[in-house]
């Protein structure tokens, strides 16, 4: 299969190169109107078909790698490094993206898949899709050049072939790692499509905003994949690494978060262009920046520039990415400068107190957050280059900046829907903001009454202060969004006599984009509530012998035994803990520690018991060499489950926003005919 896979990659490169060259020539001929030996439209169609054929070629290469993994073909160096015979089937499949060469092949295949779908829809707008398809071909050429010459996944092992492989990294042997990297890559790679449309539309001076409508759908789908990928990565870090947290401002975590921020800004500001013809340059550069940030994230992960549990080993392909990013940036700048007259704004901001201004502030804050994270991520690299010493930027530095910025973004999430377009009056502000303000101050009073105060043990605590602000603003924002649903549903309820839930559903179906967006905002609020809970995390650590006990919060953990187990992949030992609450046995937990046979690396498997109020999070850290007793560390992490629940709401809201709204004919409110009044009784004498 190695020869077949290598040949398929060469064919894919040739087809992508033809797609790029033929597509460029055809579009140039169409733009200039010059006569040619072959009709430019026919040449463009052959380029499109080459792109489709290239998808099949990359698919064949990916299939060859998967088959080689499952057949334990250790003559291929990549499979020797990332698989072994005892590896369970799901993780054999995950071995495709566990190493650098395989992950690049996955990237190329996903890019080919996106391009395949795009080229099948070319009749929607033939010329615009031809530009976008040609630009995607240029990106595909870059990745296929790397796969063929710099990081070939089918490179053969020299010398004797070992009987077994080195196995998959233990950190990756967790169920979520089967879906987390592909989901993240679907987001990363997917942003190539709106980038291609934006650059193509600018190159051809596309008239109208149709490219915005097309790009919005692609961007929302891509944004959804990236969001799910980030949250799955958070949950993996929470459940596997055993440190009690889910986000540590790791450089690779930051690399995925930065394009999410700029992509979110684009999804908001694009509405300004659709409705008002404003922020055209903003939108172009937001999508350009998002694509370049996905490339930067890939560079940081694969070039060994940063130290991270997520990163690959140091590699020479970093130079390839630097050159490609330089060429891409140069093309973007040249095209923008050459065509900037096409991006003239049709309207201007009329008032600072309007929905337009809220979108502008939202973008500014998102970009400020992105710049801060980018600076913190690159600072160790820059400091080492300039001074020869790598200065590490830790989580406290990020939190000092990110927490206030996040709270301000949360505030804007609630303010935006309450402001009308163009300008607003004081009367309108008072009417729309009175309920959220009441909710905010009511929450402050209640939290202070139950003991949530901005100080701890008599000293000021920034974490508690920000949590108090976060909970209160979340209550206000949630009230603001729900009041929007209530006002619209109440009108439909009065007109149709429907129940409130039914009226809310009709309201949502009439404008899925608006109310689906509100649902996403509700999900963000729920996530923020979960994040605020981290200010009240507690932990304790103890050596527990048989029937030893330790307490944390309302729980008492009693050790009832220690057990060992083994299989072909790893040996394990775990503690059996009974958990008591108020003198009654509630449940049992079994934190585990594994040692993988092939690599000899240990791995922690955390035991987690979740309820809406908190997570009880227990880690078996091994045994004390001097006493031989196991060491158990327990965390009580409030509101963590709200983070994952918020993701579910965000996904649901995105699906609603992507669904088509009811057509005007279907959306007409039908008022039921009034019932005929009962005849009045005839009064007779004596009645």
### Query
By the gyration tensor of its Cα atoms, with a ≥ b ≥ c the square roots of the eigenvalues, what is the shape of the range 1-173: rounded for a/c under 1.5, prolate for a/b over b/c, or oblate?
prolate
### Message
Can you tell me, using C-alpha contacts under 8 Å and at least 6 residues apart, the relative contact order of the range 386-485 as a whole percent?
### Response
37 percent
### Query
If r is the Cβ-Cβ distance from residue 465 to residue 207 and R0 is 51 Å, what FRET efficiency results, to the nearest 0.05?
0.45
#### Entry: Rel. contact order, % - alpha carbon contacts under 8 angstrom, at least six apart, the range 538-640
25 percent
## Note on the structure
Percent relative contact order for the chain, counting Cα pairs under 8 Å at least six residues apart, stands at 10 percent
### Message
Using a Förster radius of 41 Å, what is the FRET efficiency between residue 34 and residue 340 based on their Cβ-Cβ separation? Nearest 0.05, please.
### Response
0.95
### Backbone N within the range 181-211 under 11 Å of label point (7 Å from residue 274 Cα along the Cβ vector)
210
### Query
How long is the range 1-86 along each principal axis, judged by its Cα atoms, biggest number first, in Å?
62, 16, 15
### Message
Can you classify the chain as rounded, prolate or oblate using the Cα gyration tensor, where a ≥ b ≥ c are the square roots of its eigenvalues, rounded means a/c under 1.5, and otherwise it's prolate if a/b beats b/c and oblate if not?
### Response
oblate
### Query
What is the distance in Å between the Cα centres of the range 428-461 and the range 52-129?
51 Å
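May I ask you to compute the full-extension gain from residue 85 to residue 149, defined as 0.36 nm times their residue separation minus their alpha-carbon distance, rounded to one decimal in nm? Please list the in-between numbers first.
Values: separation 64, 0.36 × 64 = 23.04 nm, distance 2.88 nm.
Value of the extension gain: 20.2 nm.
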### Task
Rank by packing, highest mean first: peptides 361-371, 560-570, with packing defined as the count of other Cβ atoms within 10 Å averaged across residues.
361-371, 560-570
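Would you kindly state how much longer the chain becomes between residue 626 and residue 652 on full extension, computed as 0.36 nm times their sequence separation minus their alpha carbon distance, in nm to one decimal? Before the final figure, lay out the partial values.
Working: separation 26, 0.36 × 26 = 9.36 nm, distance 5.26 nm.
Full extension from residue 626 to residue 652 adds 4.1 nm.
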## Note on the structure
Most exposed to least, judged by fewest other Cβ atoms within 10 Å, 107, 455, 580 sort to 455, 580, 107
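Take the alpha carbon gyration tensor of the range 108-259, find the square roots of its eigenvalues, order them as a ≥ b ≥ c, and report rounded if a/c is under 1.5; if not, report prolate when a/b exceeds b/c, else oblate.
Taking the square roots of the gyration eigenvalues as a ≥ b ≥ c, the range 108-259 is oblate.
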### Task
Rank these for me by crowding, 136, 544, going from fewest to most other beta carbons within 10 Å.
544, 136
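Per the helix-only calculation at 222 nm, which mean residue ellipticity applies to the chain, given -39500 (n - 2.57) for every DSSP H run of n ≥ 4 and division by its residues, nearest 500 deg cm²/dmol?
One gets -20500 deg cm²/dmol as the mean residue ellipticity at 222 nm.
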### Query
What is the fewest-to-most order of 512, 46 by other Cβ atoms lying within 10 Å of their Cβ?
46, 512
### Over the range 538-640, equivalent-ellipsoid semi-axes from the Cα gyration tensor in Å
24, 16, 12
### Query
How much length is gained on full extension from residue 161 to residue 14, taking 0.36 nm per residue of separation minus their Cα-Cα distance?
49.7 nm
### the range 264-286-the range 489-519 distance, computed between alpha-carbon centres (Å)
27 Å
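Quote the FRET efficiency, to the nearest 0.05, computed for residue 3 versus residue 395 with a Förster distance R0 of 41 Å and r equal to the Cβ-Cβ distance. List each step's numbers first, then the result.
On the way: r = 48 Å, r/R0 = 1.17.
That gives a FRET efficiency of 0.30.
None of the figures in this text is laboratory data; all of them are computed from the coordinates on show. As the structure is a computational prediction, the values presented were derived from the model and not from experiment. As a convention, Cβ positions derive from the backbone with ideal geometry for all residues, glycine included, and neighbour counts pool all protein chains shown.
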